[in-house]
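The values are calculated or read from the model by the stated rules, or taken from the named source; none is laboratory data. What you see is a predicted model, and the numbers here were worked out from it, not measured in a lab. All Cβ positions, glycine included, derive from the backbone under ideal geometry; neighbour counts span all protein chains shown.
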């Protein structure tokens, strides 16, 4: 009996210590360099990129923690990803008992032309995403405290201390979301958010939609200049950028609010001289770029301190002094031209002396006030214009106009020939005109005098004499505007770059 008990005790001891030995040996194996190499080989086989794993720490029966993970570029030219900790957690379910997810913490990922060849971009992205669509791939990948940066051509986006996830819905769709509070080295009061949808396409991955929601960022930080070819570095931007890949190529749509822009930066290259002025606030409703070529621009907002001489430079009148303020209710532009433009505004203190000198027909003095009640352009046609031009009352010395300038204006505009006895200089006391345009037909009205029909009142022989009255006829502006449209189209075609060859996703 005693012998049986000793034998039974020996058997139990062997089983217990044997189990402990097996468990201990298995735990030692999980932490061994051989197991690390085996895991790195499996990772390398799955990603088709060279991979290293520093250590493996078993956390539970369903969990493995991998430390100091590095995924290299082809031929180990540089790092595609480095991660301080990677935790693999099994999440079995009824429909997939082998499901698992990956949790990353710490490290960095950079896609940059500084260290990557052009062909590496899509290869690395595809190698990281395609396993998620394949049977046996992870349900999702979450990460935190990661530095993610992307650089292509001249555009760079760097998201520091980012957190987010990548999820897969079966074999046909995936999504990703990233949140960070430092974008391109600029700390943000509100988080920058990136959301993406992607799917298998042929032998690769197509980015169906990538959306960047930016808080109040300096324009230079947002990267609009490099991303969309907008040569603007001043001011701030708050809005979203949507990037899509489709069968015909690539599309980028930008929308949001732009604050404190410098107008010369916005107009450089599109006008004979950049328009001086400011844009306190612009609502950018849509800037659409197809295959790197702008196809639509819609905005509204206020333009202030706009130099009138810069606007008139198209007609060689850049020397005109004075500024305008324009309230743009809607501007809708496309490669066809101006689809719709609605604005109002005006300016004060515009020098008639500089304007007349620029015309070269003679000289006149005075300060002109302009009021634009309505300016509407549709399909490149001037639909309506309500404009008032009033010369302010002289304060220091009388206003005057040279006789030859008066003759030239009246002859060209009203087909009126003035008498030869007109003096070399004519003093005038009132000058004002209202212009109305309907479907490119001009109607001219007076502002003072009998029934408010007088346009110009001069002082002759110590008396005020209405000299020019509103005409009874209208004027067809279409020939002049057709010439203007042709010159503007040629100028725009010369200013815009030639669209590059279409990039395939």
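How many residues does region 376-390 contain that are over 16 Å from residue 444 (Cβ atoms) and in a strand (DSSP E or B)? Don't jump to the end; show me each part of the working.
As a first pass, look at region 376-390 and keep what is over 16 Å from residue 444 (Cβ atoms): 376-381, 383.
Pick out the ones that are also in a strand (DSSP E or B) and you get 376-378, 381, 383.
The number of residues fulfilling the criteria is 5.
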* Test: residue in region 239-255 that is outside any strand (DSSP E or B), at negative phi and either surrounded by fewer than 16 Cβ atoms within 10 Å (Cβ to Cβ) or at pLDDT below 85 (or both) -> yes
* So, in region 468-505, of the ones that are at pLDDT 60 or above and assigned to a loop (DSSP other than H, G, I, E, B), which residue ends up surrounded by the fewest Cβ atoms within 10 Å (Cβ to Cβ)? -> 472
* Asked: Can you name the residue in region 454-463 that is in a strand (DSSP E or B) and farther than 19 Å from residue 402 by Cβ and, of all such residues, is farthest from the chain's Cα centre (by Cα)?
  -> 463
* Would you be able to say whether some residue in region 395-408 is assigned to a strand (DSSP E or B), under 31 Å from the mean Cα position of the chain (by Cα) and either modelled with pLDDT under 95 or surrounded by fewer than 18 Cβ atoms within 10 Å (Cβ to Cβ) (or both)? => no
* What is the number of the single condition among (1) farther than 23 Å from residue 182 by Cβ; (2) modelled with pLDDT of 70 or more; (3) surrounded by 17 or more Cβ atoms within 10 Å (Cβ to Cβ) that residue 76 does not meet? -> (3)
* With 106, 54 as the choices, which residue is out of contact with any helix residue (DSSP H, G or I) (no Cβ under 6 Å at 6 or more places or on another chain), more than 20 Å from residue 165 (Cα to Cα), at pLDDT 70 or above and part of a strand (DSSP E or B)? -> 54
* What do you reckon, is residue 297 touching a strand residue (DSSP E or B) at 6+ places or on another chain (Cβ under 7 Å) and more than 28 Å from residue 366 (Cα to Cα)? -> yes
* To do: Might you check whether a residue that is touching a helix residue (DSSP H, G or I) at 6+ places or on another chain (Cβ under 7 Å), assigned to a strand (DSSP E or B) and buried (at least 19 other Cβ atoms within 10 Å of the Cβ) occurs anywhere in region 276-283?
  => yes
* Asked: Does residue 366 count as over 26 Å from residue 235 (Cα atoms), exposed (fewer than 15 other Cβ atoms within 10 Å of the Cβ) and touching a strand residue (DSSP E or B) at 6+ places or on another chain (Cβ under 8 Å)?
  -> no
